[in-house]
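The values are calculated or read from the model by the stated rules, or taken from the named source; none is laboratory data. Bear in mind that the values here come from a model prediction, so they are computed numbers and not experimental data. As a convention, Cβ positions derive from the backbone with ideal geometry for all residues, glycine included, and neighbour counts pool all protein chains shown. Protein only, heavy atoms only, side chains kept; ligands, DNA and RNA dropped before computing areas. Shrake-Rupley method; radii C 1.70, N 1.55, O 1.52, S 1.80 Å.
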Amino acid sequence: MVGLGHIGRRHATLVAAHPAAEVVAICDVLPPRQLAWPEGVPAAVPLFAALEDFLAAGLAADVACICTPNGLHAAQAELLLRAGLHVVVEKPLALTVAGADAIIETARAAGRHVFGVMQNRYSPASAWLKEQLEQERLGEILQVHLNCFWNRDHRYYTVPPDGRPHPWHGDEALDGGVLFTQFAHFVDLLCWCFGPVEVASARFANQQHQGLHRFADAGTVHYSLAGGALGTLNFSTAIWDRNFESTLIVIGSKGTVKLGGQYMNEVRYCHVEGLLPPDLPASSPANNYGPYAGSAANHHFVIDNVIDVLHGKATVATTAEEGRQVVATIVAMYGV
């Protein structure tokens, strides 16, 4: 387990709770007195300050979960893959296409698996939409509009009680911007459901975070999809106090569907020829980080997939190549 932030602790707790897995070691640059130890992980599990120290210890391990700042993912994944471990890489896979390509090539040379973490695919509404699209129930896809309106204010970008800057939230080299850190899951759904995204134009602004970071906190992107469908992405982390909503509107020649809710986890509208609105199970609750909330807590599906793949019972649910597509799409959005 590499990194003991909120997400790293969740990974460690889920691994420790799985009957076919155990936490062998944890790596984090913080000293033990500053770490919140994961629930269910024995206190005797060794803690290393550097990956090199962990690898030098020669502990028997099969998989490393990389839960560190975004800008460290690529180099750490390469190091661990070359050492013979499979890797689970939190989103985003990397901050550059070159970094994603290096991970893919290193994994291929080492004969190891790379598991991306895009847990929103497991939400019942997302899985249902994917199925309808594969069956072409909506006919020709004409338009796809993605809206992501969340809150990330000083509570996210500073550390209480003195308000000093967070160690990496808002750092351009480690964070990468809100499309990577907050909204990569939704860009993944766009790519997963509709294929390659061709970016046409974009406008960005920093509307509420001038004193917290230098990158855009809001923007509008115009793009096209395979078959000529048109689409837009509108996003913001300048929403006051708490997350507002995330929506995906799909307009087809045979009907219209809207996924909505704070985390795009509900079918809010379904008017499609020959198709009744679905009666879906409730999605997992949002990840609760105290002053702010994240996406649905579906990480247990990721851990299950890792174990099933290593036992020969499944294929990788989110491949490095799919992670690369998300990285390439976000890079293209920021680059136009």
Cα pair distances exceeding 18 angstrom across the range 56-119, given as percent = 26 percent
ask   = Near ARG9, within a Cβ-to-Cβ distance under 12 Å, what is the net charge of the other residues, with Lys and Arg +1 and Asp and Glu -1?
value = -1
message = At a threshold of 8 angstrom on Cα-Cα distance, excluding pairs fewer than six apart, so keeping six or more, what relative contact order does the range 1-116 reach in percent?
response = 23 percent
request  = Could you state how much accessible area HIS166 has, in square angstrom rounded to the nearest 10, with a 1.4 Å probe and all protein chains kept in place?
outcome  = 50 Å²
query = Okay, helix-only estimate at 222 nm for the chain: each DSSP H run of n ≥ 4 adds -39500 (n - 2.57), divide by all residues, round to 500 deg cm²/dmol; what do you get?
reply = -9000 deg cm²/dmol
remark   = Taking only protein heavy atoms and a 1.4 Å probe, the highest-to-lowest accessible-area order of GLU78, GLU198 is GLU198, GLU78
note = Once normalised by the length of the range 84-148, the mean sequence separation of its alpha carbon contacts under 8 Å that are 6 or more apart gives a contact order in percent of 34 percent
query = Straight-line reach from LYS258: which lysines have a Cα under 29 Å away, not including same-chain ones fewer than 8 places off?
reply = LYS91, LYS130
message = Heavy atoms of the protein only, probe of 1.4 Å, neighbouring chains included. What is the accessible area of TRP37 in Å², nearest 10?
response = 90 Å²
ask   = Given charges of +1 on the Cβ of Lys and Arg and -1 on the Cβ of Asp and Glu, with all other atoms neutral, how large is the dipole of the chain about its Cα centre, in debye to the nearest 20?
value = 340 debye
request  = With a 1.4 Å probe and all protein chains in place, put ARG137, ARG82, ARG164, ARG121 in order of accessible area, largest first.
outcome  = ARG82, ARG164, ARG137, ARG121
Rounded accessible area of PHE215 (nearest 10 Å², 1.4 Å probe) = 20 Å²
task = Can you tell me the relative contact order of the chain? Whole percent, Cα pairs under 8 Å, sequence separation 6 or more.
result = 20 percent
task = Decide, for the range 206-291, between rounded, prolate and oblate: order the square roots of the alpha carbon gyration tensor eigenvalues as a ≥ b ≥ c, take rounded if a/c falls under 1.5, and otherwise choose prolate if a/b is larger than b/c, else oblate.
result = oblate
Carbon + sulfur, % of accessible area of the chain - ligands and nucleic acids excluded, 1.4 Å = 54 percent
Accessible area per residue in Å² at 1.4 Å probe, computed on the chain = 45 Å²
